[in-house]
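Student: Sharing a structure with you now.
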Amino acid sequence: MDRRGWHLDKGIGAAHILTTITFVVTAIFYVTAQDKRLAVLESGFVYVQQASVRDQARTEKKFDELKVDLRVIGGKLDRLNESLNRRD
């Protein structure tokens, strides 16, 4: 046989098996870590959503209070204007 040309071994070496097992285990750990990161991000997103809803409710309440205050001020201005017009 001529050994100077290309030669392909038909067997599977121990290094190849060890490398493949290492690759599979690493891929499993990577996917598991991605799942954990995704779960953390999802819980953070839920927290931000809840905070946004609370902030919106607070803003609406403050806006309603402001509208009531403006109505009261408007009523007082109308009464003041009427009393000033009666003097004239």
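None of the figures in this text is laboratory data; all of them are computed from the coordinates on show. None of the values given here were measured: they were computed from a predicted structure. Glycine also receives a Cβ, built like all others from the backbone with ideal geometry; neighbour counts cover every protein chain displayed.
Student: Within straight cross-link reach of K67, meaning Cα distance under 16 Å, which lysines are found once same-chain residues fewer than 8 apart are removed?
Tutor: Correct list for K67: K76.
Student: Between [x] 48, 23, 14; [y] 44, 28, 23; [z] 127, 25, 11, which entry matches Cα extents along the principal axes in Å as derived from the coordinates of this structure?
Tutor: [z]
Student: May I ask you to compute the full-extension gain from L41 to R87, defined as 0.36 nm times their residue separation minus their alpha-carbon distance, rounded to one decimal in nm?
Tutor: Going from the current span to full extension adds 9.7 nm.
Student: Right, something else. Length gain on complete extension for the stretch Q56 to V24, per 0.36 nm per residue less the alpha carbon to alpha carbon distance?
Tutor: Stretched out fully, the Q56 to V24 stretch lengthens by 6.7 nm.
Student: What distance in nm separates the simple spin-label points at D69 and A14, each placed 7 Å from Cα in the Cβ direction?
Tutor: Between D69 and A14, the label points sit 8.1 nm apart.
Student: Near K62, within a Cβ-to-Cβ distance under 12 Å, what is the net charge of the other residues, with Lys and Arg +1 and Asp and Glu -1?
Tutor: In short, -2.
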